[in-house]
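Okay, structure first, notes after.
The values are calculated or read from the model by the stated rules, or taken from the named source; none is laboratory data. Note that the coordinates shown come from a computational prediction; the quantities given were computed from them, not determined experimentally. FYI the Cβ positions are ideal-geometry reconstructions off the backbone, even for glycines, and counts take in every protein chain you see.
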Amino acid sequence: MSKIRLRPVIYLLLLNLMGFALLFLYKTPHDVNIIYAGLMVLTVNIGIYCLMYFLDMGDVYMFLMVSILVSIGTIMLIRIDTEFGFNQVFWFGIGIIVFLASYLVFRLFKHWDKLLIFYMAVSFILFVVTLVFGESRGGSRNWISIGGRTVQPAEFIKILYVFALACFFTMDNDKWKILSGEVWGIPKKDIAMNVFVYICLGFLLLQKEWGTAVVFFLTFYTMMFLYDTSKRLMLINLGLAIIGAVGGYFLTDHIKSRVVTWLDPWADASNKGFQITQSLFAITSGGYFGSGLGNGTPHLIPEVHSDFIFSAICEEMGIFTGIAIIMIYFIYSYRGFKIGLKVNNNFLKALTFGLVISFAFQTFIIVGGVIKLIPLTGITMPFVSYGGSSMVSCCIMTGILTAVSYLERKS
């Protein structure tokens, strides 16, 4: 293993050793399970990296970036609540298994572009199951209880959604004669794609999954721009988005409350603005280098383990660490786009762009909401926030991107 490839592993090793050792010393009485959890995370990360490097499985640096994000997230979750942290280690283990499985399946199966009906059908089924059997949390009906654990189907629908969009954007009109031709100057396949997209958005609005709906729409609209879709259709969608946003503000108390709180959280800092004001206090109080692991007050922020974990990280690890995390997300997205630009297969190119775009928008929306750049929406911070569904779905996405990078190299 060359020095340039070993150096990131050394940094990862130091990060885990220092982080979990500090946690072990900070938590009293001392819990040896913290050391076991740290060793498991470190062993899995380095083991998978070595496996990927020696077997030439694709872009190893994407996985290294995931390893850093998971390590920082797990350290902070154990600091906030040991149970949350240990559960996150469990879900990371499941995520690694799914990462390898999705990598192998995607690499070996060659006909992903022929399963449009399957992607749409499974998406709709999962939406209906969520509406019928789902549980409400935080005002959103988006959780299903399975075997004592809860699953968020929208995280997996997001991947199917991108697969379906990739099929639409690279559709062969000779094989889909029913969608050939135009209506009012708009290709029929684009109209069909819009129908699919707005049905998905409709389900998300019924579930009150506002943040995920924004990610779905922005992913779709950005891909329309990349693929030079009908300008008329893009204007229609932009108009519908504006109408939806304005209508949501005036007709929905939840959205109006979020916007009002975003504009002036200090007006009601003890109630509706409490989360965002505490988030801003935490970020600024940590300074550039942080107050030190265990020396902050992250428990003052509601939902700090999920929506506001970035604030807790900035408070105790410093703004520089927060900037580093944002840069890791940026580089992850950059490498994803680079893979998409290099691959020759049109479907794989569209799929890669769609996955990376959805990942990038999700990251921007949650970080932007926490720092008061945009109104807050309740979505997870990929690989860092607490949540099994998010962890597993992000690992699936990374497995697919890694497989595409392998196929691009071998083509």
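Only one of Phe168, Phe203, Phe196 is within 17 Å of Phe353 (Cα to Cα) and either at pLDDT 90 or above or surrounded by 15 or more Cβ atoms within 10 Å (Cβ to Cβ) (or both). Can you tell me which?
Working: Phe203 fails: within 17 Å of Phe353 (Cα to Cα); Phe196 fails: within 17 Å of Phe353 (Cα to Cα).
Just one listed residue meets the conditions, Phe168.
Any residue in the stretch 5-19 that is in contact (Cβ under 8 Å) with a residue 12 or more places away in the chain and assigned to a helix (DSSP H, G or I) sitting within a Cβ distance under 6 Å of a residue that is surrounded by 14 or more Cβ atoms within 10 Å (Cβ to Cβ) and of a type in the set (Gly, Ala, Ser)? List the pairs, counting only those 6 or more apart or interchain.
Final answer for the pair search is Leu12/Ser67; Leu15/Ser71; Asn16/Gly38; Asn16/Ser71.
Going through the stretch 117-143 one residue at a time, which ones are farther than 19 Å from Cys167 by Cα and among the small types (Gly, Ala, Ser)?
Gly134, Ser136, Gly138, Gly139, Ser140
Residue by residue through the stretch 20-41, note down the ones that are surrounded by fewer than 19 Cβ atoms within 10 Å (Cβ to Cβ) and under 18 Å from Gly95 (Cα atoms). First the steps, then the outcome.
From the stretch 20-41, those surrounded by fewer than 19 Cβ atoms within 10 Å (Cβ to Cβ) are 21-22, 24-33, 35-36, 39-40; that's our starting set.
Matches in the stretch 20-41: Leu39, Met40.
Just for the stretch 108-154: of the residues that are under 19 Å from Gln88 (Cβ atoms) and among the β-branched types (Val, Ile, Thr), which one is surrounded by the most Cβ atoms within 10 Å (Cβ to Cβ)?
Once the filter is applied, the top-ranked residue is Val151.
Just the residues that are in a helix (DSSP H, G or I), touching a residue at least 12 places away in the same chain (Cβ under 8 Å) and either β-branched (Val, Ile, Thr) or touching a Ser or Thr at 6+ places or on another chain (Cβ under 8 Å) (or both), please, taken from the stretch 259-274.
The first filter runs over the stretch 259-274 and keeps only residues in a helix (DSSP H, G or I), leaving 259-263, 265-268, 274.
Then keep just the ones that are touching a residue at least 12 places away in the same chain (Cβ under 8 Å); that gives 259-262, 265, 274.
Passing the criteria: Val259, Val260, Thr261, Pro265.
State all residues of the stretch 275-306 that are under 17 Å from Phe84 (Cβ atoms), touching a residue at least 24 places away in the same chain (Cβ under 8 Å) and either not assigned by TED's automatic domain parsing to the domain that holds Gly387 or not aliphatic (A, V, I, L, M) (or both); if no residue qualifies, say none.
Gly294, Pro298, His299, Pro302, Glu303, His305, Ser306
Looking at Thr252, is it hydroxyl-bearing (Ser, Thr, Tyr) and at pLDDT below 90?
On the way: hydroxyl-bearing (Ser, Thr, Tyr): yes; at pLDDT below 90: yes.
When the stated conditions are applied, Thr252 passes them.
In the set Gly378, Gly387, which member is over 16 Å from Lys110 (Cβ atoms), in the same structural domain as Ser279 (by TED's automatic domain parsing) and surrounded by fewer than 23 Cβ atoms within 10 Å (Cβ to Cβ)?
Exactly one of Gly378, Gly387 is over 16 Å from Lys110 (Cβ atoms), in the same structural domain as Ser279 (by TED's automatic domain parsing) and surrounded by fewer than 23 Cβ atoms within 10 Å (Cβ to Cβ), namely Gly378.
Give me a count of the residues in the stretch 311-327 that are surrounded by fewer than 17 Cβ atoms within 10 Å (Cβ to Cβ) and within 15 Å of the chain's Cα centre (by Cα).
Of the residues in the stretch 311-327, 1 are surrounded by fewer than 17 Cβ atoms within 10 Å (Cβ to Cβ) and within 15 Å of the chain's Cα centre (by Cα).
In the stretch 378-411, which residues are of a type in the set (Val, Ile, Thr) and closer than 21 Å to Phe308 by Cβ? Reasoning before the result, please.
Kept after step one, since they are of a type in the set (Val, Ile, Thr), are these residues of the stretch 378-411: 379-380, 384, 392, 396, 398, 400, 402, 404.
Within the stretch 378-411, Ile379, Thr380, Val384 meet the criteria.
Starting from the stretch 91-110, take each residue that is among the small types (Gly, Ala, Ser) and list its partners that are in a helix (DSSP H, G or I), counting only C-beta distances under 6 angstrom and pairs at least six apart or across chains.
Gly95/Met391; Gly95/Val392; Gly95/Cys395; Ser102/Ile396; Ser102/Gly399; Ser102/Ile400
What are the residues in the stretch 102-136 that are under 19 Å from the mean Cα position of the chain (by Cα) and under 27 Å from Val70 (Cα atoms), if any?
Listed by number, the residues that qualify are Ser102, Tyr103.
Out of (1) under 15 Å from the mean Cα position of the chain (by Cα); (2) at pLDDT below 95; (3) within 14 Å of Asn16 (Cα to Cα), the odd one out for Met62 is which?
Going through the list (1) under 15 Å from the mean Cα position of the chain (by Cα); (2) at pLDDT below 95; (3) within 14 Å of Asn16 (Cα to Cα), Met62 breaks only (3).
Given the criteria buried (at least 24 other Cβ atoms within 10 Å of the Cβ) and touching a Pro at 6+ places or on another chain (Cβ under 9 Å), does Val304 qualify? Walk me through how you get there before you give the answer.
Details: buried (at least 24 other Cβ atoms within 10 Å of the Cβ): yes; touching a Pro at 6+ places or on another chain (Cβ under 9 Å): yes.
Spelling it out, Val304 is indeed buried (at least 24 other Cβ atoms within 10 Å of the Cβ) and touching a Pro at 6+ places or on another chain (Cβ under 9 Å).
When you look at Thr212, is it part of a helix (DSSP H, G or I) and modelled with pLDDT under 90, yes or no? Before the answer, list the steps.
Working: part of a helix (DSSP H, G or I): yes; modelled with pLDDT under 90: no.
Criteria not met by Thr212.
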